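The values are calculated or read from the model by the stated rules, or taken from the named source; none is laboratory data. Keep in mind it's a predicted model, so treat the numbers as computed, not measured. Here the Cβ positions follow ideal geometry from the backbone for every residue, glycine too, while neighbour counts run over all protein chains shown.
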Ligand SMILES: *Cc1c(COP(=O)(O)O)cnc(C)c1O
C-alpha cells in the first residue's frame, strides 16, 4: 500500500462534492468539508494535513484536546469542529479548543456556552442540532422546540449561524435534508451542516454548507 491513499481519497471526496454543487448550480467553494477524525490516530490524520486539508471534526472534547492541542499550537490555520454531544461541564474546554460547535441542542447548554464565551473572549461558530427524524436515541432539539432554543440563544446573546442534523440511518435522507434547509430559511440561518460519507452529495445538492465526512476519507474507525 502506498502512502498517497489518504490524499487520493481526499481528492475523490472533494471531486464528488464539487460535482454535486455544480449540478445544483452552487459554488463548490461554498461547501466546507469537515474531515471527521474521531477515533483516528494522528498518523492517519497527518497525511490529510500534508495534502493541504485544514478542517477537522471530533466528537469528544477529551479526545480532541489530547490529539489536537499540540498540532493546533503549531498550525494557526487549522480549524476544529465539535460534532458530538457536548456536556455542559465541558463547555469552557470546548469553547477554547473548537472553532465551530455543531451540537448545540438544549437550553442548559446555551447558558453554559454563553458563559464560557464571555469568559474566554472567543466565540466558536454555532450550529443548533435538530433531531430531524424525531428519533429518541439521537441528540438534537425536537423540530417543534427549535424556536424555543433559538429564542433562548437570543436571550443569552449567543449567536447561532446554522442548523445541523443527522437523518435516520436506513431511509432516504433527502426529505430530511430538505426539511432542515427549510427550517434554516425560516429562521434566517445561513449555514447547514448535513451530509456524511454515504449521503454528502445529496446534502450538497439540497444546500449543505458543511458536510461531515469520516469513513470515506479515513476508512473504518477503530
Ligand atoms: C462520525 C460522524 C460523522 C462521520 O460519519 P461517516 O459516516 O464516517 O462519514 C458525521 N457526523 C457526526 C455527527 C458523526 O458523529
Would you confirm, using the coordinates I've provided, whether residue 181 is in a helix (DSSP H, G or I), within 18 Å of the chain's Cα centre (by Cα) and touching a residue at least 24 places away in the same chain (Cβ under 8 Å)? yes
Evaluate the stretch 193-207: report whether one residue or more is part of a strand (DSSP E or B), under 18 Å from the mean Cα position of the chain (by Cα) and within 25 Å of residue 20 (Cβ to Cβ). yes
Just one of 113, 80, 104, 86 is more than 24 Å from residue 45 (Cβ to Cβ), within 16 Å of the ligand (Cβ to nearest atom) and crowded, with 16+ Cβ neighbours inside 10 Å; which is it? 104
So residue 129 ticks every box in (1) assigned to a loop (DSSP other than H, G, I, E, B); (2) closer than 21 Å to residue 96 by Cα but one. Which box is left unticked? (1)
Give me a count of the residues in the stretch 40-51 that are within 13 Å of residue 75 (Cα to Cα) and under 19 Å from the mean Cα position of the chain (by Cα). 1
Which residue out of 203, 169, 184 is touching a strand residue (DSSP E or B) at 6+ places or on another chain (Cβ under 7 Å) and within 13 Å of the ligand (Cβ to nearest atom)? 203
Scanning the stretch 120-133 for residues that are surrounded by fewer than 23 Cβ atoms within 10 Å (Cβ to Cβ) and touching a helix residue (DSSP H, G or I) at 6+ places or on another chain (Cβ under 7 Å), the one farthest from residue 180 (Cα to Cα) turns out to be 120
For residue 162, indicate whether it is within 16 Å of the ligand (Cβ to nearest atom) and surrounded by 14 or more Cβ atoms within 10 Å (Cβ to Cβ). yes
Residue 91: modelled with pLDDT of 95 or more, surrounded by 23 or more Cβ atoms within 10 Å (Cβ to Cβ) and under 11 Å from the mean Cα position of the chain (by Cα), yes or no? no
Top-ranked residue of the stretch 139-159 - restricted to ones that are in contact with a strand residue (DSSP E or B) (Cβ under 7 Å, 6 or more places away or on another chain) and surrounded by 18 or more Cβ atoms within 10 Å (Cβ to Cβ), ranked as nearest to residue 120 (Cα to Cα): 158
Could you give me the residue pairs with C-beta distances under 7 Å whose first residue belongs to the stretch 140-164 and is within 13 Å of residue 184 (Cβ to Cβ), whose second residue is outside any helix (DSSP H, G or I) and more than 16 Å from the ligand (Cβ to nearest atom) wherever it lies, and which are 6+ apart or on separate chains? 150/160; 150/187; 160/189; 161/189; 161/190; 162/189; 162/190; 163/189
Spans of helices (runs of 4 or more DSSP H) in the stretch 1-99 with at least 3 residues in contact (Cβ under 8 Å) with a residue 40 or more places away in the chain and within 21 Å of residue 203 (Cα to Cα): 5-23
Taking residue 176 as meeting all but one of (1) over 24 Å from residue 38 (Cα atoms); (2) within 16 Å of the ligand (Cβ to nearest atom); (3) in a loop (DSSP other than H, G, I, E, B), write down the number of the exception. (3)
How many of the residues in the stretch 187-199 are in contact with a helix residue (DSSP H, G or I) (Cβ under 7 Å, 6 or more places away or on another chain) and within 16 Å of the ligand (Cβ to nearest atom)? 4
